[in-house]
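Data block below; observations after.
The values are calculated or read from the model by the stated rules, or taken from the named source; none is laboratory data. Computed from a predicted structure; not experimentally measured. Please note: Cβ atoms are built from the backbone with ideal geometry, for glycine as well, and neighbour counts cover all protein chains shown.
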Amino acid sequence: MKVLEDALTLCKFGKFHLLLLAATLCSIFAAMLVTTTSSYILPVAECDLKMTIMFKGLLNAIPFLGQIGASLFTGFLVDTFGRKIFLIGGNVGIFIGTLIEGSSQTYWMMLFIKLIEGISLSLSFSAISSMLSEFTPFHVRDRVLLAYSGFASTSLIIAALLAWVSLPLPIHVVVWEGYFELHAWNIYLYICSIWSLLAFILYYYLPESPKFLLSHGQEKEALEVLKTIYSMNTGNDRDSFPILSFNTSGTIKPTDVISLKKQLVNALIEVKELFRRPLIYKLLLFSFITFAGLIVFTSLRLWYPQISTIIENYSKSNGESAPFCVMITDYMEGLKEVQSRAMRNMTEPGICIPKLSGSETYMNGIILGCISLVFVVISACLVNSVGQKTLMFIILILCSICSGSLYWTKQSIVIAVLMSATCGLLQTALSLQQNLFVRVFPTTLRALAVSIIIMVGRIGSLSGNIIFPILLSMGCMAPFIATSLVALGLAGLVYFLPNVNEENKATGDQ
């Protein structure tokens, strides 16, 4: 792959890569909104969809279940048949799913569509980072992959802004009374579908990854793709591209026509290498770090609007703020009292009145995205000089400190900053780790390896959303102390991660 790395360097970083980054941005926005929109619409749609606390938790978790079920299968297919087709298909699935979700009139309809969106998300997600990495020149690859991580942070800002603009609106459009009615949350979901549509359009006009084509014996097609990139980025004629072949003979090998059955057999033979030494050890290490990291990150991110609402309502009810644990404990005790009263008084339920989130909740969502984005930008500036492993270690130590400091905080803005910093630092550390594992595994196994790691991570996300309220009921600081300890443990595991820049310096990424 050294000749391919040289070819990408000759193509430079230019217009083509900006178009690729735009497609990546839209695809990441679409993917993140699949799992993020639920946390904002739950309070607003509570009465329309007749949701209990259990139903809310299930709606938050169901996209991850869809991803877990499809990740292994889609990862294998992406490595076998290419990145582009699944990026297009996945985003089309998310677009159609979000439109239907926005038209949902019952809870069970929305739950089923969220599951389908999770499956569609798994089609595209494992291919996004592979596609971006395989098109990017070696000398800017780390920074571009960190920009990719910054898109995830930006999506949190966009989700909060769109929710703030649309959800408080008094919208109630009756299309067919009793059967099809639209509210503010329906419109919010319709707006969120735009990103997957844009991603589909952009990926449709982008070529297949040259590294994938070359690894599957399609040398002529890979060379044509590189000529296109070279022409777009430099303005020179396609035929002036200095590399004429990827082999020592100087001639282009003809592309072999391989049947579907043969492609699948070859892919299954290659898959065995992933479960042999040394790749299996790397796969297990990356999977465990992702699992542990996403247990705490996803639960904090999805519960953050709820915690923010608790703090906001406490301040309104009592006229002043209080220490973090006092406010959380007050809410938990009030919740137990309401549940106890409901068990004693089994009367007819009254009129359902949704408790809308205030502006502070949306502002805190924006703060979370902004702080996460700042950390990613700082990491992008420091990664080449400090090194990925050292930077990841420092970030995880800081994350542990921020999480543990919540106990002594009182002001809501300080709580918001510390919670946002904890989430942002965790996200940045996981992004740095992702930059490593998309480069460690060979091209023919990359999407499958990424899918396995993502699948294990999604199991962590599911587990975290179940464990978090249990820990919260045990004591205010229990989930945050757990977060602090997990971050410290992950900092210790950083030592065992491979140093990709040194290992692949001579030959380029595999």
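When both residues are 6+ apart or on different chains and their Cβ atoms are under 8 Å apart, which pairs have a first residue that lies in the range 154-176 and is surrounded by 14 or more Cβ atoms within 10 Å (Cβ to Cβ), and a second that is of a type in the set (D, E, K, R)? Note: pairs meeting the criteria are LEU156/ARG301.
Of all residues in the range 121-175, those satisfying the criterion of being under 19 Å from GLY424 (Cβ atoms), within 15 Å of the chain's Cα centre (by Cα) and not hydroxyl-bearing (Ser, Thr, Tyr) are LEU145, LEU146, ALA147, GLY150, PHE151, ALA152, LEU156, ILE157, ILE158, ALA159. The set of residues from the range 103-137 being among the aromatic types (Phe, Trp, Tyr) and surrounded by fewer than 18 Cβ atoms within 10 Å (Cβ to Cβ) comprises TRP108, PHE112. Looking only at residues of the range 210-237 that are charged (D, E, K, R) and more than 14 Å from LEU8 (Cα to Cα), we find that the one that is nearest to the chain's Cα centre (by Cα) is GLU221. Restricting the range 50-102 to residues that are modelled with pLDDT of 80 or more, surrounded by 20 or more Cβ atoms within 10 Å (Cβ to Cβ) and among the small types (Gly, Ala, Ser) leaves a set whose member that is farthest from VAL450 (Cα to Cα) is GLY102.
Please find, among ALA292, ALA267, the residue that is surrounded by 11 or more Cβ atoms within 10 Å (Cβ to Cβ), in a helix (DSSP H, G or I), among the aliphatic types (A, V, I, L, M) and at pLDDT 75 or above. None of the others qualify; the one that does is ALA292. Taking the conditions (1) in contact with an Asp or Glu (Cβ under 6 Å, 6 or more places away or on another chain); (2) surrounded by fewer than 23 Cβ atoms within 10 Å (Cβ to Cβ); (3) touching a residue at least 40 places away in the same chain (Cβ under 8 Å) in turn, LYS211 satisfies each one other than (2). Within the range 217-234, residues that are in a loop (DSSP other than H, G, I, E, B) reach partners that are at pLDDT below 85 with beta carbons closer than 7 Å, at six or more positions or on different chains, in the pairs GLY217/THR255; GLY217/ASP256; GLN218/THR255.
Going by the structure shown, is LEU21 surrounded by fewer than 20 Cβ atoms within 10 Å (Cβ to Cβ) and either in a helix (DSSP H, G or I) or out of contact with any Gly (no Cβ under 6 Å at 6 or more places or on another chain) (or both)? The answer is yes for LEU21. Please tell me if THR80 is touching a helix residue (DSSP H, G or I) at 6+ places or on another chain (Cβ under 6 Å), among the β-branched types (Val, Ile, Thr), over 20 Å from ILE194 (Cβ atoms) and assigned to a helix (DSSP H, G or I). Against the criterion (touching a helix residue (DSSP H, G or I) at 6+ places or on another chain (Cβ under 6 Å), among the β-branched types (Val, Ile, Thr), over 20 Å from ILE194 (Cβ atoms) and assigned to a helix (DSSP H, G or I)), THR80 qualifies. Checked against (1) over 22 Å from THR80 (Cα atoms); (2) not in a helix (DSSP H, G or I), TRP195 passes all but a single condition, namely (2).
Could you list, in sequence order, the residues of the range 115-139 that are assigned to a helix (DSSP H, G or I), farther than 30 Å from PHE55 by Cβ and not charged (D, E, K, R)? ALA127, ILE128, SER129, SER130, MET131, LEU132, SER133, PHE135, PHE138, HIS139 - these are the residues of the range 115-139 that are assigned to a helix (DSSP H, G or I), farther than 30 Å from PHE55 by Cβ and not charged (D, E, K, R). For the range 433-440, the criterion of being modelled with pLDDT of 85 or more and crowded, with 21+ Cβ neighbours inside 10 Å is met by at least one residue. In the range 416-472, what residues are of a type in the set (Phe, Trp, Tyr), assigned to a helix (DSSP H, G or I) and within 20 Å of LEU279 (Cα to Cα)? Hit for the range 416-472 is PHE437, nothing else.
Counting residues in the range 217-230 that are farther than 19 Å from ALA127 by Cα and among the β-branched types (Val, Ile, Thr) gives one or more.
Say whether the condition of being polar (S, T, N, Q), assigned to a helix (DSSP H, G or I), in contact (Cβ under 8 Å) with a residue 24 or more places away in the chain and closer than 27 Å to LEU445 by Cα is met by at least one residue in the range 92-113.
Checked against the condition, which is being polar (S, T, N, Q), assigned to a helix (DSSP H, G or I), in contact (Cβ under 8 Å) with a residue 24 or more places away in the chain and closer than 27 Å to LEU445 by Cα, the range 92-113 yields no hits at all.
Among what's in the range 449-487 and is among the hydroxyl-bearing types (Ser, Thr, Tyr) and buried (at least 19 other Cβ atoms within 10 Å of the Cβ), pick the residue that is nearest to LEU65 (Cα to Cα). The residue in question is SER461.
The set of residues from the range 374-418 being modelled with pLDDT under 85, hydrophobic (A, V, I, L, M, F, W, C) and within 19 Å of the chain's Cα centre (by Cα) comprises VAL376, VAL377, ALA380.
Within the bounds of the range 52-75, is there any residue that is part of a loop (DSSP other than H, G, I, E, B), in contact with a Pro (Cβ under 7 Å, 6 or more places away or on another chain) and under 27 Å from PHE180 (Cα atoms)? No: the range 52-75 contains no residue that is part of a loop (DSSP other than H, G, I, E, B), in contact with a Pro (Cβ under 7 Å, 6 or more places away or on another chain) and under 27 Å from PHE180 (Cα atoms).
Here is a list: VAL450, VAL456, VAL376, VAL438. Which entry is touching a Lys or Arg at 6+ places or on another chain (Cβ under 7 Å), of a type in the set (A, V, I, L, M) and touching a residue at least 40 places away in the same chain (Cβ under 8 Å)? Only one candidate passes the filter, namely VAL438.
Among the residues of the range 235-264, those that are modelled with pLDDT of 55 or more, in a loop (DSSP other than H, G, I, E, B) and not aliphatic (A, V, I, L, M) comprise GLY235, ASN236, ASP237, PHE241, PRO242, SER245, PHE246, ASN247.
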